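Every number here is computed from the coordinates shown, using simple stated rules; none is lab data. All values derive from a computational prediction rather than experimental measurement. Positions of Cβ are backbone-derived with ideal geometry, glycine not excepted, and every protein chain shown enters the neighbour counts.
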């Protein structure tokens, strides 16, 4: 089962500007003024529950949330269109009228991208979602922002995507 979420960060700690966590075979850079958090609150969810959720952000509505999911089947370039169809359906349930996803490859992994997804839990909230498939593991990167901090979060998201690497962990 695949899943999508709209999230908030809470109880943040220190930061070194690099997402590099045990159990996550991906890494990326983010601004050092973003704080790390393992206290992630899920406000909306479609599909399966994440095995682990972590985040880096400015506050409870603005940041980058990373979740890991175990999948029942392996997703690769050959069946990415099937995963996209399932995600598009979940997205329509989560955020009616949200744009369809775009298939791509990031850090050598098959991926989906969703832009300008409404987040109902934050006034004027929007998310950019990046879904990475590493065999039977899915990583969901949610760059969520409110209008006041959209530029900062979008810049951080661009940096995360540009520096995204698979670590093989």
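Tell me the volume per residue, in Å³, of the convex hull enclosing the alpha carbons of the range 115-158.
Roughly 69 Å³ of hull volume per residue.
Can you tell me what the convex hull of the Cα atoms of the range 67-168 projects to on average, as an area in nm²?
For the Cα atoms of the range 67-168, the hull's average projected area reads 6.6 nm².
Taking neighbour counts of Cβ atoms within 10 Å as a proxy for exposure, in what order, fewest first, do 143, 157 appear?
Going from sparsest to densest Cβ surroundings: 157, 143.
Give the order of 88, 61 when sorted by the count of other beta carbons within 10 angstrom, beginning with the fewest.
So the ranking, lowest neighbour count to highest, is 88, 61.
What whole number of Å gives the distance from the Cα centroid of the range 46-91 to the Cα centroid of the range 96-166?
10 Å
With 10 angstrom as the radius, rank 71, 129, 109 by how many other C-beta atoms surround their C-beta, starting from the fewest.
71, 109, 129
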